[in-house]
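**Student:** My questions all concern the structure below.
Each value in this text was obtained by applying a stated rule to the coordinates, not by laboratory testing. Remember, predicted model here, so these are calculated numbers, not experimental data. FYI the Cβ positions are ideal-geometry reconstructions off the backbone, even for glycines, and counts take in every protein chain you see.
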């Protein structure tokens, strides 16, 4: 263990922090350098919130330095410190679980994986290095306490790893189907212990879904092999554990060997036996296109109607990132986030025949989020109602949940950032929708003028509170201590 209480005495320099309060809410500002990496924010429920930032320009002798702060629920700093890591590794994943902020550092060019565990209640750090095959590319990280489950690829082959957080041991978990054509699509921790891992695999030119449960490195129960209807492929699966014997699985589907998504499927298993499997086209949802402007929506619905009338499938650019299903009596509520991959073209110089030429190539440029979808299904998987709402169009390189879901007695509260605010949508249990314009993120001074808000994020923190963060460019002509322009990374506590 590294005790960080006295690290300031060692001459390690931290970023300047400005704190203030307004009413019951708080704010932290950190001067932001666009050249530096963006701080990572890890909400830790009633234990506070953790901020981690790589110190720009502080690499030394092959080591990178990361500063961190732990704040309480009033955003008052409790602990601060610094830890170092191999400079060739990148912070590729993090999660909070049972009082620990867990950070994973890796690189596809190195054999080393470093796991840092931070004890939020006292700021102590525990760091362990693991040696694994060179070329491991991380795609997912989930904590299935006391294990850390890592999914990725080594030389294009899917690989599943387990690290025991207490015994500091790394273990390779067996996959039922190891092929360059297969892919680990999801890790869903079990309520009791272990995790469900979903693998999309190509069998006889058809994409199937295999779900396997692991606990402490061992396979639990039988594998679930989910096969699509003839002529279709399954493109992913989100597993929700209803109880010890029931699983609800949602995912998207497409026509065989086609990248265009037709819609989504829902299936239920009881004691490893399939009870139903239903398919729904996006165009069958009453409100799927309702987030669009009037003219755009009319064009989309007209196009879908013409294809459906001719018996043709409507291919969509959209994908759905599903949350865990929520029980509502005998029904199920499902929240999804619609997004699609975007690409850009660039010209690159090449040389052949002794002369320079330019070639055009297409490059993946991230995932663009567009709107949220809520659907209600009965106990047999029949669609009862659906709703949709617009969220801020945000482009990110790695898929992650942007909408925070809170179960209420009368429905769901969905919170997300939109145009510099934390907006909320209430969906009642009968499918009615109420939208709230959002809580504006307040700045340090009333005389501040926000010029730009970029990359805003929000997460439910604890109780009725949310934590929101992002970058802002602010101008102030009145306050002497901040007069002029400033770029900040902010943290705000909101109700």
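**Student:** So what's the back-of-envelope 222 nm ellipticity for the chain, counting only DSSP H runs of four-plus at -39500 (n - 2.57) apiece and dividing by all residues, rounded to 500?
**Tutor:** Value at 222 nm, helices only, nearest 500: -1000 deg cm²/dmol.
**Student:** Hey, what angle do you get for helix 294-309 against the long axis of the chain, alpha-carbon based, 0 to 90 degrees rounded to 10?
**Tutor:** On a 0 to 90 degree scale, this one is about 30.
**Student:** In Å, what Rg and Dmax follow from the Cα atoms of segment 259-363?
**Tutor:** For segment 259-363, the Cα radius of gyration and maximum Cα-Cα distance read 21.0, 72 Å.
**Student:** Could I ask something else about it? How high is the FRET efficiency between residue 428 and residue 255 when r is their beta carbon distance and R₀ equals 56 Å, given to the nearest 0.05?
**Tutor:** Numbers: r = 36 Å, r/R0 = 0.64.
Between residue 428 and residue 255 the formula returns 0.95.
**Student:** Can you give the FRET efficiency to the nearest 0.05 for residue 363 and residue 449, using r as the Cβ-Cβ distance and R₀ = 22 Å? Each step should come with its number before you reach the end.
**Tutor:** Details: r = 37 Å, r/R0 = 1.66.
Computed FRET efficiency for residue 363 and residue 449: 0.05.
**Student:** Bins of 20 Å, beginning at zero and ending with the bin holding the largest distance: percent of Cα pairs per bin for the chain, please.
**Tutor:** Spelled out bin by bin, the chain gives 20, 54, 25, 1 percent.
**Student:** Now a separate question. What relative contact order, as a whole-number percentage, does segment 235-368 give when Cα pairs under 8 Å and 6 or more residues apart are counted?
**Tutor:** 16
**Student:** Using label points projected 7 Å from each Cα along Cα→Cβ, tell me how many nm separate residue 72 and residue 122, to one decimal.
**Tutor:** Result: 1.8 nm between the two label points.
**Student:** Once you place label points 7 Å from the Cα toward the Cβ at residue 157 and residue 406, how far apart are they in nm?
**Tutor:** Result: 4.7 nm between the two label points.
**Student:** Oh, and also: Please state the relative contact order of the chain as a whole percent: Cα pairs under 8 Å, 6+ residues apart?
**Tutor:** On the way: 1151 pairs, mean separation 41.9, N = 495.
The normalised contact order for the chain reaches 8 percent.
**Student:** So, one more: Mean separation of Cα pairs under 8 Å and 6+ residues apart, divided by the residue count of segment 59-170: what relative contact order is that in percent?
**Tutor:** Computed value for segment 59-170: 15 percent relative contact order.
**Student:** May I pose another question? Between residue 275 and residue 307, what is 0.36 nm times their sequence separation minus the Cα-Cα distance? Round to one decimal in nm.
**Tutor:** Values: separation 32, 0.36 × 32 = 11.52 nm, distance 3.08 nm.
My answer for the length gained is 8.4 nm.
**Student:** Here's something else I'd like to know. Length gain on complete extension for the stretch residue 378 to residue 171, per 0.36 nm per residue less the alpha carbon to alpha carbon distance?
**Tutor:** In short, 70.5 nm is gained.
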